Amino acid sequence: MFASRGLDAPRLLAGAGIDETVLNDPDGRVEVDEITRLWELAVAWSGNPALGMEPGLPARFVNFDTVGYVMLASPTLKAGLVNLSRYYAVISDAITLELEPEGNNCWLVLGLIGNTRPLPRQRLEYSLLTVASLCRWITRRDVQPLAVEFCYPEPADAAPYVQAFGCPVRFGQPRIRLLLTNADLEMPLLSSDPVLFDMHQRVTESRLVRLGHASVGHRVTEEIIHRLHLGEPRREDIASSLAMADRTLQRRLREEDTNFQQLLDDARRDLAQKYLAEDRYPLSQVADLLGFADQSNFFRASKRWFGVSPGQYRTRLLENEPLAEPD
């Protein structure tokens, strides 16, 4: 994609410290920070702050491989996107996708996890445009989003964004997300095929194994993260989403020396660190995003995790003060 924009791709890869031979390895993996550096260099060298914001680019250059085939074989667009959300770890170690219903519509929300440095806005903008392109690809229809939102300030020229997404684009919002109608999401897929779905799902699960993301604990954590903003997830629901009986899930987690409550607490703690490091999230919203029924529960959890209240922890993070571990 960068080469098509007139950039020197080998020089970009070298500048980002990426070994070009990894691109020929089906199981090759590039570190998150190296991809971040790649985007930073591409934006700087192109002089284009809206790099990637052209409607046809994802369709030409993005390949989701086995995850894309699982989506194609799903019964509906919504089912395909749920599978994309579930298997996003095959594609990226830095980005998650969540579906968030709202009335007769549904938001597709991009989230961040496990990043040691901020991701360039262009990388996330291109990722959201890719999701929009995937919706058109698997439905073979011109699925148009109702709205797109970004958490970044509005650029001097917003026209490329409106042209790329074909809908109103709002900046300075709490999250990075795209709104689709439920009618589009429930659209049956012409390519739906239960036999092919099972085959591609097995291949994708195998890919997760090779990438080290196939432990039951890891998969439970991913499901927890995807659901927390809707409230505290129930273990029974997580088991169902993984096609397991609740007792089987408990047994498998015991075999991995963990349990559902510990994974829930660890996921909340990790996400709390991320959300509290960004002052654009009010503390009440952080509590909601972590699935707490009220702020007092969030306050007690913060004291247990960090030894201080959420507000005090945020102040220390923003002021770069040393963070003491709780007793």
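Throughout, read-outs are computed from the coordinates displayed, never taken from laboratory work. What you see is a predicted model, and the numbers here were worked out from it, not measured in a lab. Cβ: placed from backbone, ideal geometry, glycine included. Neighbour counts: every protein chain shown.
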Legend entry - Shape of the range 227-266, Cα gyration tensor, a/c cut at 1.5: oblate
Legend entry - Pairwise label distance in nanometres, D142 with R300, each label 7 Å out on the Cα-Cβ vector: 5.5
Legend entry - Under the Karplus curve 6.51 cos²θ - 1.76 cosθ + 1.60, θ = phi - 60°, whole-Hz ³J(HN,Hα) for the range 149-157, x wherever Gly or Pro sits: 10, 10, 8, 8, x, 5, x, 4, 10
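What is the range 1-137's relative contact order, in percent, from Cα pairs under 8 angstrom and six or more apart in sequence? Mind showing how you got there, number by number?
On the way: 128 pairs, mean separation 31.7, N = 137.
Relative contact order here is 23 percent.
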Inset, instruction - Would you please give the FRET efficiency between V203 and Q285, computed as 1/(1 + (r/R0)^6) with r the Cβ-Cβ distance and R0 = 41 Å, to the nearest 0.05? - result: 0.60
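Taking the Cα centre of the chain as origin and charging only Cβ (+1 Lys, Arg; -1 Asp, Glu), how large is the dipole, in debye to the nearest 20?
On the way: 36 positive and 45 negative charges, 63 e Å.
It comes to approximately 300 debye.
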Inset, instruction - For A277 and D246, compute 0.36 nm times the residue count separating them, minus their Cα-Cα distance, and round to one decimal in nm. - result: 7.7 nm
Inset, instruction - Quickly estimate the mean residue ellipticity at 222 nm for the chain, helices only: each DSSP H run with n ≥ 4 gives -39500 (n - 2.57), and the total goes over all residues, rounded to 500. - result: -15500 deg cm²/dmol
Legend entry - Inter-label distance, nm, simple model (7 Å from Cα along the C-beta direction), D270/E186: 3.5
Inset, instruction - Quick one: dipole size for the range 3-185, taken about the Cα centre, charges +1 on Lys/Arg Cβ and -1 on Asp/Glu Cβ, in debye to the nearest 20. - result: 420
Inset, instruction - Report the relative contact order of the range 93-250, percent, no decimals, based on alpha-carbon pairs under 8 angstrom and at least 6 residues apart. - result: 21
Legend entry - Distance in nm between pseudo-label sites at V162 and E20 (7 Å out along the Cβ direction from Cα): 4.1
Legend entry - √(5λ) per eigenvalue of the Cα gyration tensor, the chain, largest first, Å: 30, 26, 21
Legend entry - Footprinting exposure proxy for D19, D27, D266 (fewest neighbouring C-beta atoms within 10 Å first): D27, D19, D266
Legend entry - Neighbour-count ranking [beta-carbon atoms within 10 angstrom, fewest first] of K303, K78: K303, K78
Inset, instruction - Can you put F150, F299 in order of Cβ neighbours within 10 angstrom, beginning with the fewest? - result: F299, F150
